[in-house]
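The values are calculated or read from the model by the stated rules, or taken from the named source; none is laboratory data. Owing to the predicted nature of the structure, the values given are computational and were not obtained by experimental measurement. Counting neighbours? That spans all protein chains shown, and the Cβs are built from the backbone with ideal geometry, glycine included. Just so you know, the surface numbers come from the protein's heavy atoms only, side chains and all, with ligands and any DNA or RNA stripped out. Shrake-Rupley method; radii C 1.70, N 1.55, O 1.52, S 1.80 Å.
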Amino acid sequence: MMRAHQLYLLIYMGLVLLFISLLLTRDGLFSMWSIRASTNLHNRLFSRVLSAPVLFFLRTPVGDVLNAFARDQDTLDETLPDTLHMTGIYLMILLTSLAIVITSIYYYAIMTGALMLAFFMMQYLYLPSATVLKRWAGDTASTLFVHVDETLQGMDVIRAFNAVPYFIQENVNLLNVHHLALFNTEQTHLWLAFWCDFFGAILVVATCLFSVAFSETLGAPNVGLAISNSIQVLVFFTWVVRGVADTVSMWDAVERVASFATEVGDWRLLRVLTRQAAHLHCKSE
């Protein structure tokens, strides 16, 4: 009996060590992948902006460039990888909890189908508004950066014409618009959290009703297992829905950085093309 007990302990210890090693491997590989991707985008963005022609800086607001290097790059470095990583973890926990509850109560599969329908419905309702609001927040942040930069550059002229109160009020107005975009974004997050909790609470109530209705066939252990895992479904369903929505809406930052990194022209290439065009024009004459 003692040998069997020690064998079980060794097996459990081996599984724990395997879990820890796989966990560290997964986190390390994901961190390397995300850091390499964001570093490549940043280097390409920096190289393109440095080699951009002067016309690019005349046409492009300074706030858009600063926003690409500040807010959007921070999203690529920190927010997006963390959100994507945690969403994957929460999704695995959610699927495991659903599988455990369905194994205990077979009728719970019907509620799982309703849960998936609610997931796609909330994504359909939440994603368009969240994407527009986050894009609005990014645009207002760029406008605010441009206003601050131009105000600092023209400070002597502003003081000479006694226009300091006007520019202060203009900055306050732009800041209010930016905060309005952020406030509406948070309100959409609260709306999503409320309905996710509502659907999760319905699932917990349904699990309790199924447990009472089939208490004779399920038994106390299966009932306790089903109820405890249904509470986990209530928690992680909200995080999965919000994580997927936030990940999709954060791709706007990736698109903005990628557009600067790929579409900004190189002044050296433009000079070569201009010389070739001039040479061909001279030959044609």
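Annotations
- Percentage relative contact order, the chain, counting C-alpha pairs under 8 Å, at least six apart: 38 percent
- Of the residues LEU182, THR103, VAL235, the one whose Cα sits farthest towards the positive end of the charge dipole of the chain is THR103 (charges of +1 on Lys and Arg Cβ, -1 on Asp and Glu Cβ, taken about the Cα centre).
- With all protein chains kept in place, the per residue accessible area of the chain amounts to 63 square angstrom at a probe of 1.4 angstrom.
- The calculated FRET efficiency for GLN123 paired with ALA220, based on their beta-carbon distance and R0 = 45 Å, is about 0.75.
- Counting heavy atoms of the protein chains alone, THR75 has an accessible area of about 20 Å² for a 1.4 Å probe.
- Seen through its C-alpha gyration tensor, with square-root eigenvalues sorted a ≥ b ≥ c, the stretch 102-213 comes out prolate because a/c lies at 1.5 or above while a/b is bigger than b/c.
- Length gained on full extension, LEU209 to ASN173, computed as 0.36 nm times the residue gap minus the Cα-Cα distance: 7.6 nm.
- Rounded if a/c under 1.5, otherwise prolate or oblate - the stretch 154-211, Cα gyration tensor axes: prolate
- Per atom type, the stretch 66-173 shows carbon and sulfur on 69% of its accessible surface, probed at 1.4 Å.
- Using a cutoff of 8 angstrom between alpha carbon atoms and counting only pairs six or more residues apart, the relative contact order for the stretch 146-237 works out to 28 percent.
- Site pair PHE198 and ILE35 shows an inter-label distance of 4.4 nm when each label is modelled 7 Å from Cα along Cα→Cβ.
- Cα shape, the stretch 1-126, gyration tensor, a/c 1.5 rule: oblate
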